[in-house]
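> This is the structure I have questions about; it appears just below.
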Amino acid sequence: MSQSWKVGQQLAPSCQTTEPTATPPVLENLHPIELTVAIPTFNGAARLPEVLASLQQQQATEFRWEILIVDNNSTDSTEEVVRYYQANWSATFPLRYCKEMQQGAAFARVRAIKEAKGELVGFLDDDTIPDANWVAAAYHFAQNHPQVGAYGSQIHGDYEGAPPANFERIACFLAITEKGSEPFCYEPQKKMLPPSAGLVVRKQAWQDNVPDKPSLSGRCGGSMLNSEDLEAIMYIQKAGWEVWYNANMELYHKIPRKRLQKEYLLALVRGTGLARHRIRMLRWKPWQRPLLFPVAWGRDILKAILFYQKHRHRIPEDVVTACEMEFLTSSILSPFYLWRRDLDLWWQTTLKTFRTILYFEQSNYQKSSSS
């Protein structure tokens with residue numbers, strides 16, 4: 001198996017396209033790509049084949065679309081796997097590949113938007129399996145709802161093991177989104193948004209409103225800080241675009257047994273809670289922030305105290321209750337965690353700038369001394 005992945009390995013590491021049949025430039029202009037299915041991945045060599053197989057079986061795709069895999073600096077054989085598929089690709093839609101060296105799902109999505117040829121960009125994780133009509137449903141929803149800038153999927157859990165009792169109370173932290181069979185609009189006042197898995201955005205809505213350097217980068221390295229997807233969607237919503245739930249776009253999120261263990265779930269909800277201050281600040285106008293922040297923070301403290309008083313005997317033994325308590329506690333700590341992180345980044349940047357200036361000053365001094 002490992003030898004077969006070497007097919008196509010000689011290709012350059014930049015974005016590459018494998019077209020099964022050559023398309024004349026004139027036809028390319030007359031029939032441009034309308035939808036890009038982007039798959040950001042980190043060490044996804046073992047997971048990508050199943051996602052690609054499901055995309056090859058998509059139905060009713062009479063429009064032009066493509067697959068773009070964004071390799072987020074993987075250390076396994078992800079690139080070799082994709083190159084193998086490219087070399088043996090027989091589908092009527094292209095399979096493209098590019099590498100984003102800056103670690104973090106947010107940076108991989110920004111790269112996907114830049115590289116995508118479609119007016120619509122649909123994001124799949126490398127562990128989400130789309131239903132056979134997902135691509136078609138994604139395309140047609142945008143045609144029927146021109147006011148929509150982003151819309152999410154109905155996401156079911158495909159669990160390797162049995163989830164803990166009452167898991168539905170925290171399933172949303174694993175992107176499980178089962179909100180019925182009818183589409184609806186996420187109203188800003190309800191403070192709910194879809195996850196990035198199965199999210200489709202209008203490329204122009206993203207490019208016009210989402211910054212290239214997000215504040216939240218997503219889980220990477222030893223950090224579980226997340227909600228980077230909500231940050232991007234909020235920028236689109238605040239610009240006046242509608243954000244919807246499309247029940248006809250169904251996905252199955254494959255969740256291995258290790259992601260149902262207490263340690264992983266606690267780290268996951270902690271990362272969401274620690275990012276909450278950033279998401280909250282985006283919801284408010286700049287002049288509202290100093291006024292509303294103390295009120296919201298006080299409410300977080302009150303909620304945590306009341307929850308602890310009511311459930312303190314269950315927290316040590318019940319995984320879901322422990323996760324709920326962890327989220328409330330992390331939400332309280334969120335502003336201080338993010339302020340410290342930003343201060344550390346500022347200090348690192350300042351030191352780097354100072355060292356650069358010192359280096360050039362020393363170089364100029366040496367040149368002047370030698371002359």
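> Set the Förster distance to 41 Å, then compute FRET efficiency between Arg312 and Gln207 from the Cβ-Cβ distance, nearest 0.05. Mind dumping the intermediate values first?
Numbers: r = 48 Å, r/R0 = 1.18.
Rounded to the nearest 0.05, the efficiency is 0.25.
> I would also like to ask the following. 7 Å from Cα along Cα→Cβ at both Lys262 and Phe293: what's the point-to-point distance in nm?
Rounded to a tenth, the inter-label distance reads 3.5 nm.
> Separation between the Asn88 and Gln56 pseudo-spin-labels, each 7 Å from Cα along Cα→Cβ, expressed in nm?
In this crude spin-label approximation the distance works out to 0.8 nm.
> Now a separate question. Within segment 179-218, which residues have the backbone N less than 20 Å from the label spot 7 Å out from Trp284 along Cα→beta-carbon, could you tell me?
188-193, 215-216
> Shifting gears a bit: Name the shape class, rounded, prolate or oblate, that the alpha-carbon gyration tensor gives for segment 278-370, where a ≥ b ≥ c are the square roots of its eigenvalues, rounded holds for a/c under 1.5, and otherwise prolate holds if a/b is larger than b/c and oblate otherwise. It would help to have the intermediate numbers written out before the result.
Working: a/c = 5.96, a/b = 2.55, b/c = 2.33.
Prolate is the answer for segment 278-370, as a/c is 1.5 or above and a/b outweighs b/c.
> Can I ask one more? Note down the net charge around Ile69, summing +1 for each Lys or Arg and -1 for each Asp or Glu among other residues with Cβ under 15 Å from its Cβ. Present the calculation step by step, with values, prior to reporting the outcome.
Values: positive: Arg47, Arg83, Arg96, Lys99, Arg109, Arg111, Lys114, Lys117; negative: Glu50, Glu66, Asp71, Asp76, Glu79, Glu80, Glu100, Glu115, Asp125, Asp126, Asp127.
Within the 15 Å Cβ shell, the charges total -3.
> So what is the calculated 222 nm ellipticity per residue for the chain, using -39500 (n - 2.57) for each DSSP H run with n of 4 or more, over all residues, to the nearest 500 deg cm²/dmol? Please list the in-between numbers first.
Numbers: 11 runs with 161 residues, N = 371.
Result for the chain: -14000 deg cm²/dmol, rounded to the nearest 500.
> Return the sequence-ordered ³J(HN,Hα) values of segment 175-181 in whole Hz as given by the Karplus equation 6.51 cos²θ - 1.76 cosθ + 1.60 applied to θ = phi - 60°, using x for Gly and Pro.
6, 5, 9, 10, 10, x, 9
> While we're here: Can you tell me which lysines have their Cα less than 17 Å from the Cα of Lys117? Leave out same-chain residues fewer than eight positions away.
Within the straight-line limit of under 17 Å, Lys117 reaches these lysines: Lys99, Lys203.
> State the extension gain, in nm to one decimal, for the chain segment bounded by His145 and Glu182, taking 0.36 nm per residue of separation less the distance between their alpha-carbons.
Working: separation 37, 0.36 × 37 = 13.32 nm, distance 1.43 nm.
Computed gain between His145 and Glu182 is 11.9 nm.
> Please find the FRET efficiency linking Asp76 to Asn133, where r is the Cβ-Cβ separation and R0 is fixed at 30 Å, and quote it to the nearest 0.05.
On the way: r = 31 Å, r/R0 = 1.04.
Approximately 0.45, to the nearest 0.05.
> A further question on this structure: For the pair Trp347 and Tyr252, what calculated FRET efficiency results from E = 1/(1 + (r/R0)^6), where r is the Cβ-Cβ distance and R0 = 45 Å, to the nearest 0.05? Before the final figure, lay out each step's value.
Details: r = 44 Å, r/R0 = 0.98.
Taking R0 as 45 Å, the efficiency between Tyr252 and Trp347 is 0.55.
> Taking the simple approach of a point 7 Å from Cα along Cα-to-Cβ for both Ala46 and Gln366, what is their distance in nm?
With each label placed 7 Å out from Cα toward Cβ, I get 4.9 nm.
> Among Pro188, Pro316, Pro211, which one shows the biggest mean-square fluctuation in a GNM of the chain, springs joining Cα atoms closer than 10 Å?
Pro316
> What pairs from Lys191/Lys303; Lys114/Lys258; Lys238/Lys258 go past 28 Å between their alpha carbons? Don't skip to the answer; put the middle values down first.
On the way: Lys191/Lys303 17 Å; Lys114/Lys258 34 Å; Lys238/Lys258 37 Å.
Going by Cα-Cα distance, Lys114/Lys258; Lys238/Lys258 fall outside the 28 Å limit.
> Rounded if a/c is under 1.5, else prolate if a/b beats b/c, else oblate: with a ≥ b ≥ c from the C-alpha gyration tensor eigenvalues square-rooted, which is the chain?
Details: a/c = 1.57, a/b = 1.12, b/c = 1.41.
Here the chain falls in the oblate category.
> Run the dipole for segment 278-370 about the Cα centre, Lys and Arg Cβ at +1, Asp and Glu Cβ at -1, nothing else charged, and hand back the magnitude in debye, nearest 20.
Numbers: 15 positive and 8 negative charges, 73 e Å.
Roughly 360 debye for segment 278-370.
Laboratory data are not the source of any read-out in this text; all were calculated from the coordinates shown. The shown structure was predicted, so the numbers you read here are calculated from the model rather than taken from an experiment. FYI the Cβ positions are ideal-geometry reconstructions off the backbone, even for glycines, and counts take in every protein chain you see.
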